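Take a look at the structure below.
The values are calculated or read from the model by the stated rules, or taken from the named source; none is laboratory data. Quick caveat: nothing in here was measured; it's all calculated off a predicted structure. Backbone-built Cβ (ideal geometry, glycine too); neighbour counts: all protein chains shown. For the accessible areas, the whole protein counts, side chains as well, though only heavy atoms, and no ligand, DNA or RNA atoms are used. Shrake-Rupley method; radii C 1.70, N 1.55, O 1.52, S 1.80 Å.
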Amino acid sequence: METLSRAKWVAVGAVGCCTLVPVPHENVRHVSVAEAERLVSAGETLVLDVRTPAEYEQLGHIPGAWLLPVDLIVSAPAVLPSDERPVLVVCEHGVRSQRAATLLGEAGVAALNMMGGMSVWTGPRTFGPGEVRGPSDWLLVNADLLPRGGTALDVACGRGRHALLLASAG
């Protein structure tokens, strides 16, 4: 039973044909686009866009959304504001945002995953580049200085209490 409770998704269906169903997490809630639009327009949530910078710029994003690509999501608990608002996590189709919302939930952050992603978003959309809100710029700009296969831990990326979360994520 331990294995099932730690799973993020469970396959349901017959052999050769199945559907992935999200396993609930206490800090993660899945919301419809309509509910997400209501929360955003009321200012009740911080929007975290986990797509690539190119997707954020070229496909458009929710005005005011923070850009933090999913491959940098482990740094989110260290850089997110601590204003107690839930974080609405979005991507293009809802798959990457589910993964990111689950990680945030495990870190104790109240996360909302927008089902369907930006591909079904009908609210306001802005186009243009965004600032990546993650590890320090120095680490991102100088990543090529690391030896091949090397790893680095940016313990100065925000509130230091999350250094262990970053380390455990690899």
Checking region 19-128 for trypsin sites (Lys or Arg not before Pro) in a loop per DSSP with at most 16 other beta-carbon atoms within 10 Å yields Arg125
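Run the accessible area of region 81-138 with a 1.4 Å probe and give the carbon-and-sulfur part as a rounded percent. Provide the component values of the computation, followed by the final result.
On the way: 1600 of 2810 Å².
That share works out to 57 percent.
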Here region 58-67 yields Karplus 3J(HN,Hα) values (6.51, -1.76, 1.60; θ = phi - 60°; whole Hz; Gly and Pro given as x) of 7, 8, x, 9, 5, x, x, 5, 7, 9
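Considering only DSSP states other than H, G, I, E and B, which chymotrypsin sites (Phe, Trp or Tyr not before Pro) in region 41-130 qualify as loop sites with at most 16 other Cβ atoms within 10 Å?
Phe127
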GluC sites (Glu not before Pro) in region 39-101 lying in a DSSP loop, each with at most 16 other Cβ atoms within 10 Å of its Cβ, come to Glu44, Glu84
